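Visitor: So that we are looking at the same thing, I have put the structure below in structure tokens.
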Amino acid sequence: MYGCYRLSNMTPNVTAASDASRAEVMASVDSTPARSEFIIADISCDNAWLSMTVEEAPSLRDWA
């Protein structure tokens, strides 16, 4: 992630400058009995996260 934007409600000015050098991005799998969600979040910025089901998430092989 290069900027901090609300992923669920994008702002009109998506080219706003941000300091990506201070970003702290983490990923996690949150499991419940019903399903597992893959979550990516920039913890240095409020509301900068996204999630998808584990089945929809790309694998490392897909990125290679």
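Visitor: As an exercise: evaluate Thr32 against (1) surrounded by 10 or more Cβ atoms within 10 Å (Cβ to Cβ); (2) at pLDDT 65 or above and give the number of the one condition it does not meet.
Guide: Failing condition for Thr32: (1).
Visitor: Quick one: what pairs do we get from region 27-50, first residue assigned to a loop (DSSP other than H, G, I, E, B), second surrounded by fewer than 14 Cβ atoms within 10 Å (Cβ to Cβ), C-beta under 7 Å, 6+ apart or different chains?
Guide: That search, which allows pairs on different chains as well, returns Arg35/Thr53; Ile43/Glu24; Ile43/Met26; Ser44/Arg22; Ser44/Glu24; Asn47/Arg6.
The values are calculated or read from the model by the stated rules, or taken from the named source; none is laboratory data. Since the model is a prediction, treat every value here as computed from it, not as a measurement. Cβ coordinates were reconstructed from backbone atoms using ideal geometry, including for glycine residues, and neighbour counts include every protein chain displayed.
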